[in-house]
1. If we only count helices (runs of 4 or more DSSP H) wholly inside the stretch 156-255, which ones have 2 or more residues that are surrounded by 17 or more Cβ atoms within 10 Å (Cβ to Cβ) and within 16 Å of the ligand (Cβ to nearest atom)?
2. Would you pick out the residues in the stretch 47-67 that are surrounded by fewer than 24 Cβ atoms within 10 Å (Cβ to Cβ) and either among the aliphatic types (A, V, I, L, M) or within 19 Å of Phe207 (Cβ to Cβ) (or both)?
3. Among the residues of the stretch 75-115, write down those that are away from the ligand (no atom under 16 Å from the Cβ) and either among the β-branched types (Val, Ile, Thr) or under 23 Å from Met285 (Cβ atoms) (or both).
4. For the stretch 363-424, please list each of the helices (runs of 4 or more DSSP H) lying entirely inside it that holds at least 2 residues being free of Cβ contacts under 8 Å to residues at least 24 places away in the same chain.
5. Here is a list of conditions, (1) under 27 Å from Leu373 (Cβ atoms); (2) surrounded by fewer than 24 Cβ atoms within 10 Å (Cβ to Cβ); (3) modelled with pLDDT of 90 or more, and Gly281 meets all of them except one; can you say which number that is?
6. Checking Asn29 against (1) within 16 Å of the ligand (Cβ to nearest atom); (2) more than 30 Å from Ala276 (Cα to Cα); (3) not β-branched (Val, Ile, Thr), only one condition comes out false. Which one?
7. Looking only at the stretch 413-439, which residues are crowded, with 20+ Cβ neighbours inside 10 Å and over 15 Å from Ala389 (Cα atoms)?
8. Would you pick out the residues in the stretch 161-196 that are without any contact (Cβ under 8 Å) to a residue 60 or more places away in the chain and among the hydrophobic types (A, V, I, L, M, F, W, C)?
Amino acid sequence: MEQTPKRSSFSGKLGFVLAAAGSAVGLGNIWRFPYLAAKYGGGIFLLCYLILAVTFGFALMVAEIAIGRKTRQSAIKAYGVLDKRFRFLGPLCSVVPIIITPYYCVIGGWVLKYLSVYVTGNGAAVSDGNFFTKFISSSSPMVWFIIFVVITVVIVMTGVEKGIEKVSKFMMPLLVLLSLGIAIYCLTLPGAMDGVIYYLKPDFSKFSITTVLAAMGQLFYSMSLAMGIMITYGSYMKKDTSLSSAVHQIEIFDTGIAFLAGLMIIPAVFSFTGGADINAGPGLMFMTLPKVFGSITITNIIGTLFFLLVFFAALTSSISLTETVVSIICDKTGMKRISGCIITAVILLALGTLSALGYGVLSQIQIIGMAFLDFFDFVSNSVLMPIVAFITCILVGYVIKPKVIIDEAEESGPFKGKKLFVIVIKYVAPICIIAILISSILNSLH
Ligand code: PHE
C-alpha cells in the first residue's frame, strides 16, 4: 500500500479488487446463498438474484465506491459531506454492521466446531443427520462463538490483517478449486440431477415478492452493500483505477463463488434426502455437506480442508466487519483504538450470546416468530439495508444527481453501463425497493 500524506490507498486495480472481493466473499456466499436459494424455489431465486446483481448491485456498488472516492471519507461522514440533510444516513447504515457482526461470529463459531471435529478425526459423527440439531440446541455454540470472536478481535487489535490477507490470497483460489471438485462430485451422486434442475430451472409458479426481497437482501449482504463498507473502501481507491471495471470484476467473483456453493449443496440435498431438507434454513450447509464427505473414504481430510477454507473466508469478512464497528465507535467517541476494540468485543459478545443460544436455552424466546439469529438477520437484510439503499438512491438520483457519480467514475476511464446506472438509480431501484418493502410488511402483518 502506498502512503499519501492524508489517506493511504490501494496500490492499483488488482489490489482494490482483491481487497473488496475479500470483504465480499464470505459466509454470505457459501453458507447463506445456498440455503436461501434452496428455500425460495431454486431456479427462480437464482434468476432474481442474477437480474438484481447486474442492475441494483452494479448501480449501488458504483455509487458507494464513487461516493467514498469523491469525499475521501468513511460512510459515517461521507453522506453529510455530499449534502448536510443526509447526514443521518451515516449513523443509520452504521447500525447494520453492529447487528450483523455478532451473529456472523456465531456462524463462524459453527464452522470452527466442524473444523475441530474433522481435525480430530471424528468426521463420521458429523454425517449423522442429528449432529447439527443436537449441537445448536446445546450450549456448545457459545464456546465456539467466543473463540471466533477472540481470534477476530485479537487480529483487528494487533493489526495482523495484512498477514491474513496474504494467506487468504492463496486460500481463496484453493477454496474455489475445492468447491469445484466437490460440486462436480455432487453432480455424480444418484438423484443429484433433480437438484440441478431445481437449482437452474426457474419455476415461475414459485415466484413471490418474498423471493425478490430475499434475493435483494442477499445481494446487499453478499456484496457488502448498504452498510457503508464500500464507501470506506472507495475512500482508499486511487483516482486512476477504473471504477466500473473494478465493480464488474468484484461482482463476477462474488456471484461466481455463490453460484458454485449452490451447485455444491443443492444437488446434494436432493441426493441424500430427496429434497426433504430443502427448507432447512441456516443449518443447511452444516447438515448436507458432511453427508457428502461421509460417502468418501477420506472424509476427515476433505472435511478438514473444506471447513478450514470456509473458516478463512469467514475470518477475512469478520475482520472487515469488526474493523468497521471499531472505526465507527472510535470516530464517534474519539476513543483510542484499543478501547474501541474492547467495547466492540463487549458488544459482539453481548449480542452474539443471544444468537448463539437462540436455538438452545433461549429457544423459548421468539421475536415475531423468529429465533434471535434469524431475527437479527431479517432486521438487517430485509429491513435496514433496503432502507439505506433506497435513501442512497434518492440522494444520488435526485439530490446530488447521477452526474456527480458518473464524473467521478469517468475520471478513471470510460464508464461502461452509464445509461443503465442512471435508470436504475433514479427509477427502477427506488420504486422496486419501496414496493417490495411495503408488500413484505403487509405480508408479515397477515
Ligand atoms: N459480504 C460478506 C459475506 O458475504 C459479509 C460482509 C458484509 C463482510 C459486510 C464484510 C462487510 O459473507
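1. Fully inside the stretch 156-255 and qualifying: 161-187, 209-222, 229-235.
2. Here is the first cut: in the stretch 47-67, the residues surrounded by fewer than 24 Cβ atoms within 10 Å (Cβ to Cβ) are 47-48, 50-55, 58.
Hits for the stretch 47-67 are Leu47, Cys48, Leu50, Ile51, Leu52, Ala53, Val54, Thr55.
3. Val81, Lys113, Tyr114, Leu115
4. On the way: elements: 372-378, 385-394, 402-410, 418-423.
The qualifying helices (runs of 4 or more DSSP H) are 372-378, 402-410, 418-423.
5. (3)
6. (2)
7. Phe415
8. Phe170, Leu177, Ile184
The values are calculated or read from the model by the stated rules, or taken from the named source; none is laboratory data. Computed from a prediction, not measured in an experiment: that's the story for all the values here. Virtual Cβ from ideal backbone geometry, glycine too; neighbours counted across all protein chains shown.
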